[in-house]
Amino acid sequence: MKILVAVKRVIDYNVQIRVKEDGTGVVTDNVKMSTNPPDDNAIEEAVKIKEAGKATEVVAVTVGEEKAQETVRKALAVGADRGIHIKVDGILEPLAVSKILQKVVDKEKPDLVFMGKQAIDDDCNQTGQMLSALLNWPQATFASKVEVKDNKLEVTREIDEGLETIEINVPAIVTCDLRLNEPRYASLPNIMKAKKKPIEEIVASDLGIDVSPRLEQLKVEEPPKRKAGIKVANVAELVQKLKNEAKVI
Ligand code: AMP
């Protein structure tokens with residue numbers, strides 16, 4: 001079984017996001033970038049399945065500018081076998097990414113595609129679902145447990161009501177939740193070894209996909225600042241304020 005894992009480079013989740021003064025986006029210059037957190041879970045799961053002898057190859061793919069390759073390199077350092085970097089500059093929407101990934105799937109013919117449930121920069125939660133539709137493959141989204149059973153997968157999903165367990169046929173798309181596993185850290189020797197693993201570079205325009213945005217972004221702005229709170233002396237004062245000032249009880 002071959003597993004393709006899609007990894008996206010995003011602003012690191014610890015960074016305090018700043019909006020550009022002209023409202024055209026967020027500041028990315030000199031900002032720490034990392035792999036989208038659930039994509040780390042996706043790589044970890046694929047590597048674990050390979051270590052359990054149920055997969056033969058794990059291929060990491062990213063779509064993005066030159067520096068996005070760091071994300072693939074990190075995936076190689078935690079156990080992916082080889083990488084693919086689809087080079088494209090500018091803003092990419094989920095539909096464009098899924099059409100590009102469809103081409104990669106047509107070429108690589110994986111049995112499984114693992115992705116993150118959502119990218120923390122655009123919060124779209126669309127790419128896996130769109131890829132599943134384009135390929136006409138079954139999908140298991142928000143996976144918090146994955147078991148490979150011959151040509152089927154048993155997947156536990158995190159849903160609003162609790163946990164849902166489904167069985168789907170392979171080939172399939174799985175989008176991974178943060179609760180799926182604990183991603184490992186890359187050791188120094190493995191970081192060094194990863195430098196020798198191959199990364200294929202493909203220019204997006206060579207795939208014949210129109211990546212031009214279909215959405216017009218009108219404005220990006222920071223949420224309104226919260227007013228400072230107050231300290232109350234005791235519970236009685238708190239109740240009085242909730243009742244008479246906030247009028248919530
Ligand atoms: P989104 O639909 O944007 O919330 O992204 C969901 C998932 O799709 C991410 O967690 C990634 O696994 C994958 N993905 C989205 N954009 C890219 C990209 N540019 N390169 C590689 N994978 C991506």
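Summary table
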item: Expected-Rg normalisation [2.2 N^0.38 Å, Cα atoms] applied to the chain; result: 1.19
item: Gain upon complete extension [residue 219, residue 161; 0.36 nm per residue less C-alpha separation]; result: 17.4 nm
item: For the chain, the longest site-free run once trypsin sites (Lys or Arg not before Pro) in DSSP loop states with at most 15 other Cβ atoms within 10 Å are removed; result: 55-183
item: Where labels lie 7 Å past Cα in the beta-carbon direction, separation of residue 241 and residue 122 in nm; result: 4.3 nm
item: Along the chain, longest interval not containing exposed GluC sites (Glu not before Pro), exposed being DSSP loop plus at most 16 other Cβ atoms within 10 Å; result: 66-160
item: Centroid-to-centroid separation of the stretch 1-74 and the stretch 140-179 [C-alpha atoms, Å]; result: 21 Å
item: Cross-link reach list, aspartates and glutamates versus residue 67, counting only Cα pairs under 13 Å and skipping chain neighbours closer than eight places; result: 29, 89, 201
item: Inter-label distance for residue 234 and residue 91, nm, one decimal - labels placed 7 Å from Cα along Cα-to-Cβ; result: 5.6 nm
item: Cross-link table 74/219; 107/149; 48/103; 87/152; 87/107, entries beyond 28 Å C-alpha to C-alpha; result: 74/219; 87/152
item: Lysines with Cα under 24 Å of residue 241, excluding same-chain neighbours fewer than 8 positions away; result: 225, 227, 231
item: Residue 149 versus residue 24: modelled label distance in nm, points set 7 Å from Cα along the beta carbon direction; result: 5.3 nm
item: Apportionment of accessible area to carbon and sulfur, the chain, percent (1.4 Å); result: 51 percent
item: Surface per residue (accessible, 1.4 Å probe) for the chain, Å²; result: 59 Å²
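The values are calculated or read from the model by the stated rules, or taken from the named source; none is laboratory data. What you see is a predicted model, and the numbers here were worked out from it, not measured in a lab. Positions of Cβ are generated from backbone atoms using ideal geometry, with glycine treated the same way; all protein chains shown enter the neighbour counts. Only protein heavy atoms, including side chains, enter the accessible area calculation; ligands, DNA and RNA are left aside. Shrake-Rupley method; radii C 1.70, N 1.55, O 1.52, S 1.80 Å.
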